[in-house]
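The values are calculated or read from the model by the stated rules, or taken from the named source; none is laboratory data. Here the structure is a predicted model, which is why all the values come from computation and not from measurement. Here Cβ is always computed from backbone atoms with ideal geometry, including for glycine, and neighbour counts include all displayed protein chains. Just the protein is used for accessible areas: all its heavy atoms, side chains included, with ligands, DNA and RNA removed. Shrake-Rupley method; radii C 1.70, N 1.55, O 1.52, S 1.80 Å.
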Amino acid sequence: MNAFYNGIAGAKTNSFGIDISANNIANVNTMGFKYSNAQFKDIFYKTVTSQSTNPAQGGYGSVQAASRVVFEQGSPVMSDGEFDVALQGKGFFGVLGADGLAYYTRNGTFRRDAGGHLVDSYGNFVLGTMNPSFEGVDYSDRVAGLMGDYLNTMQPVSQGFTVNSNEDFTLGAVGGQSALRVPLNMYLAPMVTQNVKWSGNLSTDIQTQIVTVDLDLAKIKVEETGDGKKIISGSVNRDEIFSAKKDDRILLTFTDKDGVRKNFEATLDENLNFKSNELDLGGLDATSAKLSAAQIATEQQKSNSDVLESPLYNADGSKSTLRITLERILPQVGDEIKYKAVAQIFNAEGEAVGDATEGSMTFNKNGALLQNDIQSITNPDGASINIDLGTPYDPNKPGSGYSGIYVLAGREKNIITQQDGVAEGFFNQYRITEDGALLAQFSNGRAMTVGKMALYNFINEEGLMAVGDNIFAATGNSGEASFIVKDGKIINTAKFRGGFLEQSNVDLSVELSNLIATQKAFDASSKSITTSDQMIQRAINMKK
């Protein structure tokens, strides 16, 4: 009774199918899981007779042929894990097992272990290539203390890591990938400031104000009338007081030996001469009263001082400030606009350090720079600082003179500061880019590539063997792991999406349908066993 054994084979085979579906359903929420399809085959056939046109054959049931893993893309879902990453496309992450063998997975649930390595959920090391410029360093006492505070270790951290260059690099050979490191104790030394450049428009607004200027008493004439009154006269030199003009007030003060004062006024005429009325000094001691002060009250122009500032980053990690104070020289003579310039460096406490550098800047009537003699300043905490305030106007080059500082009337002050230094940086957080780079972001705003994750491909990915823990091993059917290379460059067949995880590609509705169909097939095979049993029982009963 072959049907009896065929029914048993069918029951076993469909039981295998139910196992596959049940496993798929059980992993519907397993990140990166790929479902399998149960595949069956018939065994062999027995020829009953060959007398007819078509052969008469009897089969010997079915058997499980394979469980085919289907590597369809799973849906990405957002995740808050620092190193969580999903692959969008073909390929696999590589992990190094405890047995020293490489395995492959689509589950990007990664984390940092106690040793600072990037590992998966089961402790396997994630494979990739470290930046050749990633290296260990010994910290200075100052940096060690700051690193200890940052890591909250309650003591200095004297050793750590840095990345000395951010030049692009490629993955090593397929067999040369190693465990990726993602340490916290990372530090970037400062880039010392050597060049500072300012560009933009200075304000040319001029204000007027009343100022008092002392006059030379030796040049003032004091006359006394017959009745004891005083007449004061004199003149003002415009070379000494450029703003002096007709009707400016002359302020006169008399003081006696007891300190008693009495004030009077006179007025300048068109020739800048003045003569007071007869002044009555009543109330003062007549024998000791004398002219103690003479001043002119005049209206003068005043321009606001413009200040240019730039941060300076020093080799020891400290920060200074370069300040250039520009004060317009008034009154303006001719068409040229001139400024007095003073450059000074200040430390973090606001104290002036080193010697100041003084100079001047000259602009033509159109605001273009004609001359500047402040080119550099010595930084006591570092090298000399090159100061770029612009290239002077060249008559042979139309439009020149506006590359740095310029002055255009009617426009507000608008200055741009550029400098080539960068502050020291302490590690802040990691980010994974689309090409699989592990990007470390630092407190100074810089981002450095620590390493790159490898993306492996197979000629026949369905030939991979599942070994548990959501990982696969290469087999003879899958072929060896490889990188896709085009024009000598490694090409990624998938994008790395940091902050996402790939969900299981199990379709629950399909699996439940498969489960029902397989269950019915199992029931039918069981029925054939029962039917065969009944037939055997009937045959035995017939013999009786």
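Model label points for GLU480 and THR530, set 7 angstrom from Cα along the Cα-to-Cβ axis, are 5.6 nm apart. For the chain, the residue among GLY136, ALA98, ASN152 whose Cα projects farthest onto the positive side of the dipole built from Cβ charges is ALA98.
On full extension, the segment bounded by ASP216 and ILE459 gains 77.4 nm, given 0.36 nm per residue less the C-alpha separation. By the Stokes-Einstein formula, at 1.002 mPa s and 20 °C, the range 269-354 with its Kirkwood radius over alpha-carbon pairs has D equal to 114 µm²/s. Under the convention that each Lys and Arg Cβ holds +1 and each Asp and Glu Cβ holds -1, the size of the dipole of the chain around its Cα centre is about 3120 debye. Counting only Cβ charges, +1 for Lys and Arg and -1 for Asp and Glu, the dipole size of the range 160-264 around its Cα centre is about 160 debye.
If you wrap the tightest convex hull around every Cα atom of the range 211-285 and split its volume per residue, you get 99 Å³.
Separation of the alpha carbons by more than 19 angstrom is noted, of LYS246/LYS338; LYS246/LYS290; LYS229/LYS262; LYS245/LYS338; LYS452/LYS495, for LYS246/LYS338; LYS246/LYS290; LYS245/LYS338.
Compactness of the range 86-139 is given as radius of gyration and Dmax, 13.0, 43 Å, from Cα positions. Taking only the alpha carbons of the chain, we obtain Rg and Dmax values of 46.0, 178 Å in that order. Computed log10 I(q)/I(0) for the range 95-215 at 0.12 Å⁻¹: -0.67, from the Debye equation with unit scatterers placed on every C-alpha and solvent omitted. For the range 246-285, the mean projected area of the C-alpha convex hull, equal to one quarter of the hull surface, is 2.9 nm².
For the range 166-218, the calculated P(r) over all alpha carbon pairs, in 5 Å bins from 0 to the bin holding the longest distance, is 4, 7, 7, 9, 9, 7, 7, 7, 7, 6, 5, 4, 4, 4, 4, 3, 2, 2, 1, 0 percent. Would you tally the net charge around ASN347, using a Cβ to Cβ cut-off of less than 10 Å, leaving ASN347 out, and scoring K and R as +1, D and E as -1? Here the charged neighbours net out to -2. Across the accessible surface of the range 203-292, with the other protein chains kept in place and a 1.4 Å probe, carbon and sulfur atoms take up 41 percent. Evaluating 6.51 cos²θ - 1.76 cosθ + 1.60 at θ = phi - 60° for every residue in the range 256-273, the Karplus couplings come out as 9, 5, 8, x, 6, 10, 9, 10, 9, 9, 9, 10, 6, 9, 5, 9, 6, 9 Hz, glycine and proline recorded as x. Dividing the convex hull volume of the alpha carbon atoms of the range 335-478 by its residue count gives 266 Å³ per residue. Per residue, the convex hull spanned by the Cα atoms of the range 384-438 amounts to 246 cubic angstrom.
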